[in-house]
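Scroll down for the structure; my scribbles are underneath it.
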Amino acid sequence: MIKSVQVMNKKKVEEFAMQAHDKAYIVVSIASKKMNTAFIVPNTASNIKEVLFVSFNDTDMTNFELGGITKKEAKQISDFVKRYNNEENEVELIVQCEAGLSRSVGTAGAISKYLFNDDSIAFSNGKTPNRLCYRKVLEELMTD
């Protein structure tokens, strides 16, 4: 079961992945197309159980040429979240993108809305969530 959702940027999650943790973590790692993904390796020392790597650009536009999130990536995220939320063991979820400001915030907001009926992680303190990520991920999470 997913107990919490947090947002990190690429640098912070890479540092986090090199440290030991008592709690178990899973990560949704978002990279821009044609860019390197974050260096995160699941292992027992960091207690990172699994990483879902997805790649799409930071755009709120549905224009395919701009490379924003598609139904495919939103479904991958949804399936990942649902799988871990249906397990008995507790995990913490980290959603990460390059800057930790837009795609990860929108995605984390949708996941938090689905899991806890609270998307304030995306819409508080002047944050600027990628609304396309928010909408597409939430739509997939809400489908059976």
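Only one of [x] 98; [y] 110; [z] 121 was calculated from the structure for volume of the Cα convex hull per residue in Å³, and its label is [x].
Counting pairs of alpha carbon atoms under 8 Å apart in space and at least six apart in sequence, what relative contact order in percent does region 42-144 give? Show your work: numbers first, answer last.
Details: 127 pairs, mean separation 29.0, N = 103.
Contact order relative to length: 28 percent.
Under 19 Å of direct C-alpha separation, and excluding same-chain neighbours fewer than eight residues apart, Lys11 reaches these aspartates and glutamates: Glu50, Asp58, Glu92, Glu98.
Legend: calculated FRET efficiency, Ser4 to Thr37, from the Cβ-Cβ distance at R0 = 35 Å, rounded to 0.05, equals 0.90.
Where a number appears in this text, it was derived from the coordinates with a stated rule and is not lab data. As the structure is a computational prediction, the values presented were derived from the model and not from experiment. When we count neighbours, we look across all protein chains shown, and the Cβ atoms used for this are built from the backbone with ideal geometry, even at glycine.
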